[in-house]
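**Student:** A single structure is presented below for examination.
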Amino acid sequence: MGKTFDLVIPTMDVNDTGVTITEIQKKNLEYIEEGEILYCVETSKATEDYRAEMSGYVVLYVDSFDEVKVGESAGMIFEDRQEAVSKLAEVEAARENARKIASVNASKKAIAYAGQIGFDITLIKKDGMIKTEDIDNYIKSHK
């Protein structure tokens, strides 16, 4: 396994809990050299270029103008290209799943429950809000 670097958003100002990512310079799976500017980070009071702390292949979890909380990851840099490709596939699958879930009228508890048991909540077609018992009923009726 090759080296990786997690692009964790640092604290820039004690009053800011998040930043906005702007001016992304590299696309996913593009190679970046250590010291090159990857993106710009904006807070309510400052703008700062974020430079890569290692060379490698970029996988971003964010798009331009996304807000990211301090301490959360905006992506990773991978020494090994194949590991970057695998991570990008994982990130894209998670984004697609989030889009699907956003299109479903379900309670937060039902969404969490579906995720916990590995159930595709979009299979349930129902007027009104989907609840945890709807998931159990669907599973029982489709055994």
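The values are calculated or read from the model by the stated rules, or taken from the named source; none is laboratory data. All figures in this text were calculated on a predicted structure; none of them were measured in a lab. Note: ideal-geometry Cβ built from the backbone for every residue, glycine included; neighbour counts use all protein chains shown. Side chains are part of the model used for accessible areas, which takes the heavy atoms of the whole protein and leaves out ligands, DNA and RNA. Shrake-Rupley method; radii C 1.70, N 1.55, O 1.52, S 1.80 Å.
**Student:** Say whether the condition of being farther than 18 Å from Met1 by Cβ and among the aliphatic types (A, V, I, L, M) is met by at least one residue in segment 75-88.
**Tutor:** no
**Student:** Taking the residues in segment 24-66 that are in contact with a Gly (Cβ under 6 Å, 6 or more places away or on another chain) and open to solvent by 20 Å² or more (accessible area, probe 1.4 Å) as candidates, determine which candidate is nearest to Glu83 (Cα to Cα).
**Tutor:** In the first step, residues of segment 24-66 are kept if they are in contact with a Gly (Cβ under 6 Å, 6 or more places away or on another chain); the result is 51, 59-61.
Now drop any that are not open to solvent by 20 Å² or more (accessible area, probe 1.4 Å), which leaves 51, 61.
On the way: Arg51: 21, Tyr61: 15 Å.
For segment 24-66, the residue satisfying everything is Tyr61.
**Student:** Looking at segment 1-22, which of its residues are assigned to a loop (DSSP other than H, G, I, E, B) and modelled with pLDDT of 95 or more? Even if it seems obvious, please write down each step before you answer.
**Tutor:** Within segment 1-22, the first condition is being assigned to a loop (DSSP other than H, G, I, E, B), and the residues that meet it are 1-3, 9-17.
Listed by number, the list holds a single entry, Lys3.
**Student:** Go through segment 8-23 residue by residue and tally those that are open to solvent by less than 50 Å² (accessible area, probe 1.4 Å) and under 25 Å from Glu90 (Cα atoms).
**Tutor:** Start the filter on segment 8-23 by keeping residues that are open to solvent by less than 50 Å² (accessible area, probe 1.4 Å), which leaves 9, 13, 16, 18-22.
Still in the running and under 25 Å from Glu90 (Cα atoms): 9, 18-22.
Selection size over segment 8-23: 6.
**Student:** Glu79 is checked against (1) touching a Gly at 6+ places or on another chain (Cβ under 8 Å); (2) of a type in the set (Asp, Glu); (3) open to solvent by less than 80 Å² (accessible area, probe 1.4 Å) and fails just one. What number does that condition carry?
**Tutor:** The single condition Glu79 does not satisfy is (3).
**Student:** Which of the residues spanning segment 95-143 are touching a residue at least 24 places away in the same chain (Cβ under 8 Å) and either open to solvent by 70 Å² or more (accessible area, probe 1.4 Å) or assigned to a helix (DSSP H, G or I) (or both)? Break it down into steps so the answer makes sense when it comes.
**Tutor:** Filtering segment 95-143 down to residues touching a residue at least 24 places away in the same chain (Cβ under 8 Å) leaves 104-107, 110, 129-132, 134-135.
Passing the criteria: Asn105, Ala110, Met129, Lys131, Thr132, Asp134, Ile135.
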